[in-house]
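The structure appears right after this line, and notes come after that.
No lab work stands behind these numbers, since they all come straight from the coordinates. From a predicted model like this one, the values you see are computed outputs, not experimental measurements. As a convention, Cβ positions derive from the backbone with ideal geometry for all residues, glycine included, and neighbour counts pool all protein chains shown.
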Amino acid sequence: EAELAFFGAKEFLPAKKAIMEERFDDAIELLETEAAGDFREEALYRLGGVLIQLERHKGALGALSMLVEEFPRGKLLHKGRFLKAQALAGLKRFDEASSLYEAEIEHLISRDRKEEIAQYYLKYADALADEDREGGPKYDKAIELYRRALELEIPGLIDEEIRFKIAACYHELKNYGAEEKVLAARRSPHPESPTPLRAEFRPPPAPPPAPP
């Protein structure tokens, strides 16, 4: 998730104090005031992060869109675009968010950040695979995002978790061959796995009885 505070400069200390005291509307007003002054780039970036954490994604998208449009060579451009992708995802605009993530991943990715980025992919893929999702689940799109997370090549439990989620989507699509193929790639599960591998294989439902 986006951090509530990106503070360091003394100009933003009043906003930081307001956040710590859970006076969020005051913090937002202070940041908007700073955004109208000499520290606009930094203020828009901090404002976007605060609004995302408060799940005010529409406002965050507005602030971060101004950031990337007004400061195309700014020091916070790539971080701002990454936050903008989070805001888009929060508005369920997953295709736009995914495209922006891909455009920025080379700038932001490192060994230390691979797992963080994979978690973003998992979060939005999980939302697409949710049975209670408005309009119904989109398993094909969820599989695509899960595979993007898998391509980051993170070893251990997160790799195992992603493969299981892909297999679960194939199961819901009744593509049992693809499901077993994905699970078969995990025949040596991580030693800390809480679930035995073979228990995760789910056979297709039995065919209906033949008519008399």
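Report P(r) for the range 39-162: all Cα-Cα distances, bin width 5 Å, range 0 to the bin holding the largest distance, values in whole percent.
2, 12, 20, 21, 19, 14, 8, 3, 1
Could you tell me which of rounded, prolate or oblate describes the range 48-107, using a ≥ b ≥ c as the square roots of the eigenvalues of the alpha-carbon gyration tensor, with rounded for a/c under 1.5 and, failing that, prolate when a/b is larger than b/c and oblate otherwise?
Verdict is oblate for the range 48-107.
Extension gain Arg133-Ser99, at 0.36 nm per residue separation less the Cα-Cα distance, in nm?
That pair, Arg133 and Ser99, stretches by 10.1 nm at full extension.
Dividing the alpha-carbon radius of gyration of the range 31-72 by 2.2 N^0.38 Å (N being the number of residues), what value is obtained?
For the range 31-72, the normalised Cα radius of gyration comes out at 1.03.
Which ³J(HN,Hα) values, rounded to whole Hz and listed in residue order, are derived for the range 75-80 from phi using the Karplus coefficients 6.51, -1.76 and 1.60 in 6.51 cos²θ - 1.76 cosθ + 1.60 with θ = phi - 60°, glycine and proline given as x?
Using θ = phi - 60°, the values come out as 5, 10, 4, 5, 5, x Hz.
Can you tell me the order of 162-171, 122-131, 40-49, 14-23 when each peptide is scored by its average per-residue count of other Cβ atoms within 10 angstrom, highest first?
Top to bottom by mean Cβ count within 10 Å: 40-49, 162-171, 122-131, 14-23.
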